[in-house]
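Asker: This is the structure I want to talk about, given as C-alpha cells.
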Amino acid sequence: AACWPLAPHDLQGLTVLLTAGPTREALDPVRFISNRSTGRMGFAVAAAAAQAGARVVLVSGPVHLPTPPGVERVNVESAVEMYEAVMQRVQHSQIFIATAAVADYRAAAASGQKIKKTRDTLILELVRNPDILAEVAALRSSRPFTVGFAAETHDVLHYAEDKRRRKNLDLIAANQVGVAGSGFESEQNALHVLWEGGEKVLALADKTVLGRQLVALIAERYRQWSGAR
Ligand code: PMT
C-alpha cells in the first residue's frame, strides 16, 4: 500500500503523544549526564502528525528547536520527569511514539552542592531510570498503539527486532547511530521500520521528509490495529 504522500486527515480525531530530545540527569547543581540528541527527528514526526490532523502532545527534553505549528509542548529535563509527563497524558492518547534518547541511568544521589575536585579519581554511582516506552507498552488499560525507536551502532536489525518483541511494540523504527550523516545530530536519517509480519525501509532523507513517511506508515498500521480489535 502507498504510504506517501500523507493525506491531511489521516490522523483526524486522534491524539498522538511523543517524546523527543535528550534527557539531562543532574550530578550536582551545575553538571549533568546527557547525550547528543537534538530533538530533530522527534520534532519532525510531531510536525507531520499535526499536519495529518492529529492533536499532538510533544514531551521534550532540553533542545534548541521551535515548537512545530499546532503542537502542544511539555518541557522536561530528566528521564523521571519525562516518565511522569507521559504517564499523566497517555490515557488520553491513541498513539505513543518514543523518539527521545532517554538516559538509561541517573545519579544514585545527585549532590546538593557542586562536587569538588579533591581526589584524583571520582566514582559515580548510577541507578536505572524507568523505561518509558516499555511501561507504556505494558499498560493493561487504554494502551495506545505503541511505537519505539532503536538507536544502534551495530547489528541494527537484530537488536531492533529483539527490542520490538521484548518490549511488545506495535512498530519500531531502527536507525544506525555513531556514524556521520544519520542518527544523532545530523539533518538527515534513514529508518528501517519493523512490525509483526512486515517491514519497510525509509531511505536516507531529511528528517522532515522521514517524519512524514513514518507518520503515513504509522497511520496505515494504526488503522489495521484498531480495526482488528
Ligand atoms: O534527536 P536527533 O538528533 O534528531 O536524533 C534522533 C535519534 C537518533 C535520537 C532518534 O532517531 C532515535 O533513535 N531515538 C531513540 C534513541 C534511543 O535512546 O534509543 P534506544 O535504542 O536506547 O531506546 C529504545 C527506545 O526506548 C526508544 O524509543 C527510546 O525513546 C525508548 N526509551 C529508552 C530508555 C528509556 N529509559 N525510556 C524509553 O522510553
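The values are calculated or read from the model by the stated rules, or taken from the named source; none is laboratory data. The structure displayed is predicted, hence computed values, not measured ones. Neighbour counts run over all protein chains shown; Cβ positions are idealised from the backbone, glycine included.
Asker: Got a number for residues in the range 184-201 being within 17 Å of the chain's Cα centre (by Cα) and of a type outside the set (V, I, T)?
Answerer: 11
Asker: Then there's this: Residue by residue through the range 84-104, note down the ones that are in contact with a helix residue (DSSP H, G or I) (Cβ under 9 Å, 6 or more places away or on another chain), over 18 Å from F43 (Cα atoms) and more than 9 Å from the ligand (Cβ to nearest atom).
Answerer: If the condition is that a residue be in contact with a helix residue (DSSP H, G or I) (Cβ under 9 Å, 6 or more places away or on another chain), over 18 Å from F43 (Cα atoms) and more than 9 Å from the ligand (Cβ to nearest atom), then M87, V90, Q94 are the ones that fit.
Asker: Being touching a His at 6+ places or on another chain (Cβ under 9 Å), surrounded by 21 or more Cβ atoms within 10 Å (Cβ to Cβ), at pLDDT 95 or above and within 22 Å of D10 (Cα to Cα) is the requirement here; does A219 meet it?
Answerer: In short, no.
Asker: Name the single residue, out of those in the range 114-156 being over 28 Å from R223 (Cβ atoms) and surrounded by 14 or more Cβ atoms within 10 Å (Cβ to Cβ), that is farthest from the ligand (Cβ to nearest atom).
Answerer: I115
Asker: Against the conditions (1) crowded, with 19+ Cβ neighbours inside 10 Å; (2) within 16 Å of the ligand (Cβ to nearest atom), where does L6 fall short? Just the number, please.
Answerer: (2)
Asker: Take the residues in the range 157-189 that are aliphatic (A, V, I, L, M) and more than 10 Å from the ligand (Cβ to nearest atom); name whichever of them is nearest to R212 (Cα to Cα).
Answerer: Restricting to residues being aliphatic (A, V, I, L, M) and more than 10 Å from the ligand (Cβ to nearest atom), the top hit is L171.
Asker: Quick check, is S111 within 15 Å of the ligand (Cβ to nearest atom), of a type in the set (S, T, N, Q) and more than 14 Å from the chain's Cα centre (by Cα)?
Answerer: No.
Asker: Looking only at strands (runs of 3 or more DSSP E) that lie completely in the range 104-211, which have at least 2 residues being touching a Gly at 6+ places or on another chain (Cβ under 9 Å)?
Answerer: Correct list: 145-152, 171-176, 188-195.
Asker: Of the conditions (1) within 30 Å of G53 (Cα to Cα); (2) free of Cβ contacts under 8 Å to residues at least 40 places away in the same chain, Q94 satisfies every one except a single condition; which number is it?
Answerer: So the condition that Q94 fails would be (2).
Asker: Have a look at R223, R229 and point out the one that is without any contact (Cβ under 8 Å) to a residue 40 or more places away in the chain and part of a loop (DSSP other than H, G, I, E, B).
Answerer: On inspection, the qualifying residue turns out to be R229.
Asker: Let me ask something else. List the number of the failed condition for P66; all other conditions in (1) at pLDDT 95 or above; (2) surrounded by 14 or more Cβ atoms within 10 Å (Cβ to Cβ) hold.
Answerer: (2) is the only condition that P66 fails.
Asker: Considering only residues that are on the phi < 0 side of the Ramachandran plot and loosely packed, with under 14 Cβ neighbours inside 10 Å, which ones fall in the range 168-197?
Answerer: Those that are on the phi < 0 side of the Ramachandran plot and loosely packed, with under 14 Cβ neighbours inside 10 Å: V179, A180, E187, E196.
Asker: Hey, another quick one. Among A54, A79, A48, which is hydrophobic (A, V, I, L, M, F, W, C) and more than 16 Å from the ligand (Cβ to nearest atom)?
Answerer: A54
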